[in-house]
Each structure stands twice: as C-alpha cells, then as structure tokens.
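The values are calculated or read from the model by the stated rules, or taken from the named source; none is laboratory data. Bear in mind that the values here come from a model prediction, so they are computed numbers and not experimental data. Every residue, glycine as well, gets a Cβ built from its backbone with ideal geometry; the counts of neighbours run over all protein chains shown. Just the protein is used for accessible areas: all its heavy atoms, side chains included, with ligands, DNA and RNA removed. Shrake-Rupley method; radii C 1.70, N 1.55, O 1.52, S 1.80 Å.
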Number of protein chains: 2
Amino acid sequence: MNYKNFPMVSKVIFGRGSFNQVNDVLAPKRLGIHSPFIFLIDDVFKGNSWLTSRISLAYDDRIIFVSTKEEPKTAQVDDLVEDIILKGKERPSGIIGIGGGSILDLTKAVSIMLTNDGLAEDYQGWDLVKNPAIYHVGVPTLSGTGAEVSRTAVLTGPEKKLGINSDFTPFDQVILDSKLTRGVSKEQWFYTGMDCYIHCVESLTGTYLNAFSQSYGNMALELCKEIFLDDKLSEEEAQEKLMMASWHGGMSIVYSQVGVAHALSYGLSYLLGTKHGIGNCIVFNHLEEFYPEGVKIFKEMLAKHHISLPQGVCAHLSDSEFDIMIDVALGLEPLWENAIGIDWKKTITREKLKSLYQRM
Amino acid sequence: MNYKNFPMVSKVIFGRGSFNQVNDVLAPKRLGIHSPFIFLIDDVFKGNSWLTSRISLAYDDRIIFVSTKEEPKTAQVDDLVEDIILKGKERPSGIIGIGGGSILDLTKAVSIMLTNDGLAEDYQGWDLVKNPAIYHVGVPTLSGTGAEVSRTAVLTGPEKKLGINSDFTPFDQVILDSKLTRGVSKEQWFYTGMDCYIHCVESLTGTYLNAFSQSYGNMALELCKEIFLDDKLSEEEAQEKLMMASWHGGMSIVYSQVGVAHALSYGLSYLLGTKHGIGNCIVFNHLEEFYPEGVKIFKEMLAKHHISLPQGVCAHLSDSEFDIMIDVALGLEPLWENAIGIDWKKTITREKLKSLYQRM
C-alpha cells in the first residue's frame, strides 16, 4: 500500500479585501527588474478599475487579459508561454492568475511550461513534469472548482481533456478574497458552486474515500447545503462560505476522486466545448441511479434558484460523435473505479454511456 | 486591515501504515553522506522495534530518544542543537520528530535553531526567526495538539512559556499514520484529544473568528463529538478521525486564537510544569462562565470515559506563586482579546484570575 504524498498550497491569505495585499505579497518575490510579474486575468475584468487599479505594475510587469469563453486549451498555454518568453527579457518572477477555474488552471500550466521543454500536451497525465514551476499565485474570483488547491491543471488538448497532475502544479500562494466573487451572474455562481457540490457527492460516495477526504468532503457538503438551500446567510457570509466550501471540496479529492459526473462531463466538454460547471450540472441531473440522494438535493437546489438547465444537448449527435464522448469518458479509469469499484467495466459499457448521453 | 499570510505544511501523507513510506520520503532529501537525518523520538518508543525497525539509518543518521516527562524547554532545544552540531560533520539533511506535541514542537524548534544564531529563548515571540529552518518532518503519535499544522513551537523558557511563531516553523512534511496512535493510555488519549476539543471551543466562540477558521473549527468539533460521545466508531475509525480532528483544529486557530483555557493553562504549566493536555482539562473544567455549552459537553465526555481530573492543584500555593501564574496568563494578550474582546482588561483582573486558579 502506497499513500499519496500530497503537496499543499504553500501560503494562503483569507479575508474580504485581502486582494489589497497582493503587491506586498509579490514584492519579496521579484527576481530582478527584467523579471516581470505576469498577471493573467479573466477578460470579464477588462476595464474594471475596481480590480485592476489595485495591481501596481512596475518595470516589465504585464497584465494579459484572457478570454474564458472556451475551456482552457493546451495550445492556449503554449501561445501564452511563447508570448511571455518573446516579450520578456528574463524569465518572469511570477505568474498571477485572477479568475475562475479556467484562469487558475491556465496559470498553473503556464508557470510549469515556462520551465519545462516541449508542449503542454506532453505533460497531460500524472507526474510527467520534470522541473519546478515559476512562482505562481492563484486569486479565485469564482468559487467552486477547487482549482485553487488542486495538484492538477485541466486542459483540453488535441487528443484528450486531461490535467497536468504534478507536485509542481499547486499554487505557491493563494489569496481568498470573497469580495472578488461579487458581480458574477446567478447562473455562473450556481454552476461553479455545483462543481464543488458534485465533487463532494462523488468523493463521499466513492470507493476511494478515507477519513481525510471524508472530513473535508463533509465540511464542504454542509457548507453547500447551507449556501444553496437555507435562507439564513447574508450575501457576504454566503460568498465567504462558498469560498471555503470550494477549498475544502478540492482537498476532499486529494485521497479520493471525482466520479461519474466528471467522467461524462469531460466527454461533453471535449466534443461540444461545454464549460465545466454547466457540463457537470447537465450530466449530474441524469445520474439518479448512481447518486440518488445527491441528485435529489441537486434538483431542490435547481428549483430553489430557478435555474433552467439546457435540454437536448446531445439530441442531434451522430454515432461517431457519441463514440468520441464515450472514448473520453471511458478513458478516465480512476474516476470509474472510484465511483463503481474495481469491477466497473462489467456495468459501464459503451451502450450504457450512450443511453446516458442520449438523455442529456 | 491586514490579513495573515499563513504558511501551510508543504506535503502531507495520510493513511494507516503510511509511516512505512518514511524512508522513501526522506531519500531524495539527503544532502550528502555526512549530512545525517536526525530522528527525535519520544522515549516511550525506546525498545519498541515495531516502530524503530521501520527506520533505515544510513551513514551518520541518528535516533535521539527524548523524554517528554516535562514540557519542552528552550534549554532542551539548545542542548539538542549543540549535540547535533558537535557530533555531526555537516549540517543535517533533516530533523524528523516522532511523538506527541512536545516532540513535534521540539523538532520544529531544533530545525530552526540549527540555522539561526543564539538561543531558542531569543526567538520566543512572533516572526523573530531570520533564516529558513532545516528540512523537518512531523510524525504525530498522539492526536489533538494541532502541532502538526501550526506555525508555532511552544517552549518554556527562563522567562516565559511562549511559542516560536514564524513562517519557517511549519513542517515541510507530515506523515499522518493513525496506527502510530495505538497503545497510548486512555488518560493520555483523552487529555490530548481534549486539547483539540478546547481549541475548537475557544476558536469558535472567539471574537477573531472568520469563515476560514469557523469551517475548520466546526469540522473538528463535530469529529470530537463523534469520537468522544458517540459509540458508533470502531477503534480504527476513531483513531483516524481524531487525527483529522487534530489537523483541522490546528487549522482553525490560523485566523482565530485560543482563549481563556490556554491562557490559564500556560500559567499552570509555567509554574507547576503541568503538561499541556491535562493542564487544559484542569482549567477548562472551571470555565462555565466563559464557555457554558463547551464545558457542559466536556463534563459529559469526562464522565463517559471515567476520567478523574486532579483536584486542588493550586491549594497550597503562596501569593507570590499565584502572581507568577497570573503574570504568565495576563501576558498572553491576543488570547484574552480573542476570548473577551478588546475591552478584556475591564473584567479580566488579577483578582479574577486568582479566584479561578484557587478553584483548580
């Protein structure tokens, strides 16, 4: 028996308004005047001086606004790395990602690819990264993905949607300022929050579960119920608690795994470009047979917040398109093993997955 | 407003039997054949081959068995550091502490004092440490203190009982193997577990509380109730859950603080040498006015496990001895501010503390 040796985020700041400390946090990490800090910021914040005015750019520091209309791609990482290398005199002092899970995963991947040869797609998998990444900082502006604590950077490559999983992936620094999560649309708030809820359900019902993951999962699940079903929290409290739920939900996956929803959602995302949060919701809504209690509560949450999920997203797909999604989903073996057990191949057939996708 | 930037344990392994991986974990950290690994082990494990046979000593590696009959002292740290320097050819590759909170705090302090000049007492306080510590590993064999995650190493010095609080204090690696907690006496198990329970009560009722500390505190508190009041857990489950409770309880203090019990208990410990776990229990038993619900549940736990606390420990003390304890307790200002609020000096008088100590 060999247990995972999990690398944790090195330093964390939690508090409303803590983003104001970003310049103080970065200052001692500057390697030189030609070693810039590169800020990768979700382009929804373009022109938002409330956020950007708090960043003090010096020397060759740059802000790069990144679109997150699509899921992050390996080619997008390679382009960013090339741009940073070509425009910079020296290797950056640090990469700071400000945004949701897509930006955080891009930041982790870019910081790795600045010190490792080749293409991002070469590192999709487990423990393929050779050299430590550039110092990297995560500042979530959406809560739920757990990307702020995870040792993965999920990317869609030419051949697969799969994370760069390595000990060098986790952030060196995370700033958890729940004020940054204000202003998100209700739908985005809900879909991203449900990523956390679904993590917990998949982790807590999985065969990989141990006391470590269970304690984090229980905590995150209770917080999700409080946030999405009770009416007792102020907006501020709900934002702070969802930020912690995301953190704990991410930690719950450390010794556990996600499950059926994530496996199927990766297929949707690979073929149709469905974003991760909404993709999980579309899938999870049809998984009563795997997660009866979890799906029941999910439907209550949907109803309470008047969320209408897209219907019939697979209605017009061809057989070969179904096959592509099924290939992606079946390739995620640890997720199925966690969800169903070591005999999962007996019940999780291609036909089974096709019939599930057809309902979505 | 300035929020703490908390340094987390860099890597963590959780699992029953995970201590078997200790040699694999250390191997890549060896700096050279003359840079030994030094194992500081509680001397209750002397002659316990079940534990020590799993450590592969190589080159100049050494095991030093350390008595924990008394609380760890600054002079004890200085002696260990001198011994390690005098007997070693080069600076150690790492210090590995295997034991309860005393051993873990000694390990953290020794690893700091190997790279910082002067005496351990010079660093009692906040952020006085200049240089990064030697690589240090914590392997708890008791659960409850939270020493495995904290950024402090609590020591009794010539002038005060106070921690070395610094960003260099937390462990680089923690191994959480609940099998190592078997064999502890019921009393020791209870007193150490109550350290966690009391952390949670003090944190959750404190004025410093925020959503970060609250979520960790709630989780640890629920685990403590499950372990110490319910009868539903197997011995193995209870050991694993108490290990997680200790971890989360320690994390709960990050943005919060301990309170009245710890302040008074430090006084007892400084004057009488009372060990931390039992000292907390002796004190907490008389704190209904500060923690009514917490003390009520504590008394239920005492009764359920047939624990008889020492009585009259302050019965024969002189006025000057009371003054010493009161000085130590009142010196811990952040603890009082957390427990009572910024106006704490209005109600927490010397007379008040004397009357509390006289009941113990």
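Per residue, the accessible area of the protein assembly as shown comes to 39 Å² when a 1.4 Å probe rolls over the protein heavy atoms. The residues of the range B:6-23 occluded by other protein chains by 50 Å² or more of accessible area, set against the chain on its own, are B:Met8, B:Lys11, B:Val12, B:Phe14, B:Gln21; surface from heavy atoms, 1.4 Å probe. Of the GluC sites (Glu not before Pro) found in the range B:253-326, those that fall in a DSSP loop while having at most 10 other beta-carbon atoms within 10 Å are B:Glu289. Out of all DSSP beta bridges with both ends in chain B, state the antiparallel percent to the nearest 5. Around 10 percent antiparallel, to the nearest 5. Expressed to the nearest 5 percent, the antiparallel share of DSSP beta bridges inside the protein assembly as shown is 20 percent.
Toward the positive end of the charge dipole of the range A:308-352, with +1 on the Cβ of Lys and Arg and -1 on the Cβ of Asp and Glu, the farthest Cα among A:Leu330, A:Thr347, A:Ser320 is that of A:Thr347.
Here's the list of lysines a cross-link from A:Lys299 could span, going by alpha-carbon distance under 17 Å and ignoring same-chain residues fewer than 8 apart: A:Lys186, A:Lys225.
Across the options B:Thr74, B:Phe19, B:Pro92, the greatest Cα extent toward the positive end of the charge dipole of the range B:11-181 (unit charges at beta carbon of Lys, Arg, Asp, Glu) belongs to B:Phe19. When A:Arg350 is represented by a point 7 angstrom out along its Cα-to-C-beta vector, the spacings to that point in the other copies are 8.6 nm, nearest first. Charged neighbours of A:Ser102, selected by a Cβ distance under 9 Å, balance to -3 (K, R count +1; D, E count -1). Counting only other chain Cβ atoms within 10 Å of each residue's Cβ, the peptide A:173-186 averages 1.
The mean number of Cβ atoms from other chains found within 10 Å of a Cβ in peptide A:240-246 is 3, as a whole number. Copy-to-copy label distances for B:Pro292, where each label lies 7 Å from Cα along Cα-to-Cβ, are 4.3 nm in order of increasing length. Equivalent-ellipsoid semi-axes for the range B:269-324 (Cα gyration tensor, √(5λ), whole Å, largest first): 23, 13, 10. Here the range A:170-258 is assigned +1 on the Cβ of each Lys and Arg and -1 on the Cβ of each Asp and Glu. Its dipole about the Cα centre then comes out at about 120 debye. Dipole magnitude for chain B: computed about the Cα centre from +1 point charges on Lys and Arg Cβ and -1 point charges on Asp and Glu Cβ, it is near 440 debye. Helices of chain B meeting both criteria, an alpha-carbon length of 24 angstrom or more along the long axis and an average Kyte-Doolittle score not below 0.0, with helices taken as full DSSP H segments, are B:211-228.
Working note: Debye formula, equal point scatterers on the alpha-carbon atoms of the range A:147-252, no solvent; log10 I(q)/I(0) at q = 0.10, 0.18, 0.22 Å⁻¹ is -0.31, -0.97, -1.28. Peptide B:207-219 shows a mean partner chain C-beta count of 5 within 10 Å per residue C-beta. For the range B:202-360, the square roots a ≥ b ≥ c of the C-alpha gyration tensor eigenvalues yield an a/c of 1.5 or more together with a/b not exceeding b/c, which makes the shape oblate. Sequence-distant contacts, meaning Cα pairs under 8 Å at least 6 residues apart, place the relative contact order of chain A at 16 percent.
Beta bridges from DSSP with both residues in the range A:11-181: antiparallel share about 10 percent, rounded to the nearest 5.
Taking 0.692 mPa s as the viscosity and 37 °C as the temperature, the Stokes-Einstein diffusion coefficient of the range A:18-150 based on its alpha-carbon Kirkwood radius rounds to 218 µm²/s. Using a ≥ b ≥ c from the Cα gyration tensor of the range B:1-47 (square roots of the eigenvalues), is it rounded, prolate or oblate, where a/c under 1.5 gives rounded and otherwise the larger of a/b and b/c decides, a/b for prolate? It is prolate, given that a/c is not under 1.5 and a/b is the larger ratio. Note on B:Glu235 and A:Arg182: with the Förster distance fixed at 41 Å, the Cβ-Cβ geometry gives a FRET efficiency of about 0.30.
Pairing chain B with chain A buries about 2900 Å² of accessible area. This figure sums both sides and uses a 1.4 Å probe.
Mean sequence separation of contacting Cα pairs (under 8 Å, at least six apart), scaled by the length of the range A:186-359, corresponds to a relative contact order of 28 percent. Using the Cβ-Cβ distance between A:Lys4 and A:Thr207 with R0 set to 22 Å, the FRET efficiency works out to roughly 0.90.
Specify whether the C-alpha gyration tensor of chain B places it in the rounded, prolate or oblate class, a ≥ b ≥ c being the square roots of the eigenvalues: rounded for a/c under 1.5, otherwise prolate if a/b is larger than b/c and oblate if not. Here chain B falls in the prolate category.
For the range A:1-159, the dipole from Cβ point charges (+1 on Lys and Arg, -1 on Asp and Glu) about the Cα centre works out to 700 debye, to the nearest 20. Copy-to-copy spacing for A:Arg91, label 7 Å out on the Cα-to-C-beta vector, in nm, shortest first? For A:Arg91, the inter-copy label distances come out at 2.2 nm.
Per-residue ellipticity at 222 nm computed for chain A from its helices equals -13500 deg cm²/dmol, with DSSP H segments shorter than 4 residues left out and the rest contributing -39,500 (n - 2.57). Working note: Cα atoms of the protein assembly as shown, range along each principal axis, descending, whole Å: 87, 54, 53. Projecting the Cα atoms of B:Trp126, B:Thr141, B:Ala109 onto the charge dipole of the range B:106-161 (Cβ charges, centred on the Cα centre) puts B:Thr141 farthest toward the positive pole.
Carbon-plus-sulfur fraction of the accessible area of the range A:186-359, 1.4 Å probe, in percent? That fraction is 51 percent.
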